[in-house]
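Everything below concerns the one structure shown next.
The values are calculated or read from the model by the stated rules, or taken from the named source; none is laboratory data. Predicted, not measured: the structure shown is a model, and the values here were computed from it. In this analysis, Cβ positions are derived from the backbone assuming ideal geometry, glycine residues included, and neighbour counts consider all displayed protein chains. Note: areas computed on protein heavy atoms with side chains; ligands, DNA, RNA excluded. Shrake-Rupley method; radii C 1.70, N 1.55, O 1.52, S 1.80 Å.
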Amino acid sequence: MRLEQIKMGAKVSIIMPCYNGAKTLRRAIKGVINQTYRPIEFILVNDGSEDETDQIANEMEEVILNAGIEFIYLKQQNKGLGGAINTGLKYFTGDYLAWIDADDELLPES
């Protein structure tokens, strides 16, 4: 679906499952922050990471919120990709849903 097809004002929920994605997580989060469309609900699911994922998520929370983006951060024991996405699906409230990985880099009009 293209941006011009989205009803203006409709909330887009973005679910990002993350397992040991600290090396690319900041860049992926910045891609969400730099989106030209609002409103956005960003759901980050830490799927039992054993790296600095938790620290980075906590570090970036204020930046995300200051960008006017709703932020939900969830931590769970590792359930795999499908389990992490299913967890995020329990919390999303948007009109549209996108799923991106922690190593994805979004362009501003994604």
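The table below lists the values:
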{"quantity": "Orientation-averaged projected area, Cα convex hull of the chain (nm²)", "calculated": "6.1 nm²"}
{"quantity": "Percent of beta bridges antiparallel (DSSP, the chain, rounded to nearest 5)", "calculated": "0 percent"}
{"quantity": "For the chain, accessible area per residue (1.4 Å probe, heavy atoms of protein chains only), Å²", "calculated": "57 Å²"}
{"quantity": "Within straight-line cross-link reach of residue 30, aspartates and glutamates at Cα separation under 12 Å, skipping those fewer than 8 residues along the same chain", "calculated": "61, 103, 104, 105"}
{"quantity": "Accessible area of segment 1-86 belonging to carbon and sulfur atoms, whole % at 1.4 Å probe", "calculated": "49 percent"}
{"quantity": "Peptides ranked, highest mean first, by Cβ atoms within 10 Å: ranges 23-29, 91-97, 103-109", "calculated": "23-29, 91-97, 103-109"}
{"quantity": "Added length on full extension, which subtracts the Cα-Cα distance from 0.36 nm per residue, residue 52 to residue 77", "calculated": "7.5 nm"}
{"quantity": "Under 18 Å from the Cα of residue 79 - lysines, other chains or at least 8 residues apart", "calculated": "90"}
{"quantity": "Distant-in-sequence amide H partners of residue 49 (H built 1.01 Å from N, under 5 Å)", "calculated": "20"}
{"quantity": "Calculated from backbone phi, Karplus (6.51, -1.76, 1.60) coupling profile of segment 10-23 in Hz, x at Gly/Pro", "calculated": "6, 7, 9, 9, 10, 9, 10, x, 9, 10, 6, x, 4, 4"}
